[in-house]
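Read through the structure below, which is laid out as structure tokens, and then see the notes.
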Amino acid sequence: DRTDIPVRLGQTWLLDELTSNPEKYTVDKFMFSTWSPPAYMKTTNNATSGKIKPESKPDFANYLADFVKQLEAKFNFKVYAISPTNEPNAPFASWSMCNWSQIDLADFIVEHLRPAFTEQGLDTKINYGEHAWWNNGATYVNRGIEHNPEVAQAAQIAAGHGYSTTTKQIAPYTKAEEAGFKIWNTELSHTGDKEVRWVEDGLHWADIFEAYLAKGDVSAIVWWAGARPAYNNEPLI
């Protein structure tokens with residue numbers, strides 16, 4: 001069943017399975033990525049288009065803080081980090097999304113999200129960025145830091161995705177590193193057909209991971225357990 005409810009329940013089941021069996025699984029860090037604010041908080045009243053309404057930013061910050069507290073209480077574990085957006089550069093999509101400029105996102109984190117977490121006693125790390133394309137993501141993060149340097153204290157992780165990026169293009173997020181951010185790649189996959197050529201694919205991904213770790217100064221690559229069902233290699237993200 002490819003409808004939304006089983007997919008969401010599947011993610012909840014996976015979280016319960018991982019956190020309730022610490023002897024079986026050694027996962028100790030969970031990062032949650034927000035694809036869109038609730039539709040009623042957006043300019044289009046639609047989860048797959050638009051921006052957040054300016055007046056909804058405090059409510060959205062509290063919404064995310066409540067999410068962290070409720071999830072931690074239900075599953076008796078700690079949320080390591082949360083991202084307030086996924087691919088903020090996407091102008092439109094068939095999935096939930098929200099447009100954020102680098103300035104708006106930096107200001108939201110500094111003025112609303114970190115204060116909401118602090119008020120509720122949360123030291124959850126905040127992920128800034130998650131641009132769809134790695135090197136464009138560096139520019140996105142750099143401009144946000146230049147606009148509002150306080151984002152380096154409010155958020156601890158700067159991240160990008162690896163789509164439309166070759167190994168030769170992978171470069172470090174220098175300004176974010178200088179500001180003290182940890183650099184993560186939080187999403188990459190090959191969205192081609194589902195045919196798996198084990199040797200070729202293994203060498204291909206070894207080359208990509210080495211480039212991000214050695215050339216991009218990435219300190220973590222996220223295994224994305226929330227990938228939606230698909231008829232290509234996307235679930236292998």
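The values are calculated or read from the model by the stated rules, or taken from the named source; none is laboratory data. A quick note: this is a predicted structure, and the numbers were derived from the prediction, not measured. Every residue, glycine among them, receives a Cβ derived from its backbone with ideal geometry; neighbour counts consider all protein chains shown. Remember, those area values only see protein heavy atoms, side chains included, never the ligands or the DNA or RNA. Shrake-Rupley method; radii C 1.70, N 1.55, O 1.52, S 1.80 Å.
Summary table
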item: Residue within the stretch 76-94 that is modelled with pLDDT of 90 or more, in contact with a helix residue (DSSP H, G or I) (Cβ under 6 Å, 6 or more places away or on another chain) and over 21 Å from Val222 (Cα atoms) present; result: no
item: Residues satisfying the stated conditions in the stretch 172-215, i.e. within 19 Å of the chain's Cα centre (by Cα), assigned to a loop (DSSP other than H, G, I, E, B) and either among the aliphatic types (A, V, I, L, M) or modelled with pLDDT of 95 or more (or both); result: Pro172, Tyr173, Gly180, Phe181, Leu188
item: Residue match in the stretch 35-45 (condition: at negative phi, open to solvent by 40 Å² or more (accessible area, probe 1.4 Å) and small (Gly, Ala, Ser)); result: no
item: Of residues in the stretch 7-26 being open to solvent by 50 Å² or more (accessible area, probe 1.4 Å) and under 22 Å from the mean Cα position of the chain (by Cα), the one nearest to Asn76 (Cα to Cα); result: Asp16
item: Single match in Phe67, Phe32 (criterion: under 26 Å from Ala152 (Cβ atoms) and part of a strand (DSSP E or B)); result: Phe32
item: Failed criterion for Gly121 (all others in (1) in contact with a Lys or Arg (Cβ under 8 Å, 6 or more places away or on another chain); (2) modelled with pLDDT of 95 or more; (3) open to solvent by 60 Å² or more (accessible area, probe 1.4 Å) hold); result: (1)
item: Leading residue by the ranking (modelled with the lowest pLDDT) among those in the stretch 216-237 that are open to solvent by 50 Å² or more (accessible area, probe 1.4 Å) and part of a helix (DSSP H, G or I); result: Leu236
item: Test: Gly129 is within 30 Å of Leu71 (Cβ to Cβ) and assigned to a loop (DSSP other than H, G, I, E, B); result: no
item: Residue under evaluation Glu150, criteria (1) closer than 27 Å to Asp16 by Cα; (2) modelled with pLDDT of 95 or more; (3) of a type in the set (D, E, K, R); (4) open to solvent by 70 Å² or more (accessible area, probe 1.4 Å), criterion not met; result: (1)
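Let's see how each residue does on (1) free of Cβ contacts under 8 Å to residues at least 24 places away in the same chain; (2) among the small types (Gly, Ala, Ser):
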| site | (1), (2) |
| --- | --- |
| Trp35 | no, no |
| Ala39 | yes, yes |
| Thr44 | yes, no |
| Lys51 | no, no |
| Thr85 | no, no |
| Asn89 | no, no |
| Gly121 | yes, yes |
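Residue-by-condition table, conditions (1) in contact with a strand residue (DSSP E or B) (Cβ under 6 Å, 6 or more places away or on another chain); (2) surrounded by 17 or more Cβ atoms within 10 Å (Cβ to Cβ); (3) not in a loop (DSSP other than H, G, I, E, B):
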site	(1), (2), (3)
Asp28	no, no, no
Thr48	no, yes, no
Glu55	no, no, yes
Pro58	no, no, yes
Ala61	no, yes, yes
Leu71	no, yes, yes
Lys74	no, no, yes
Asn89	yes, yes, no
Ser94	no, no, no
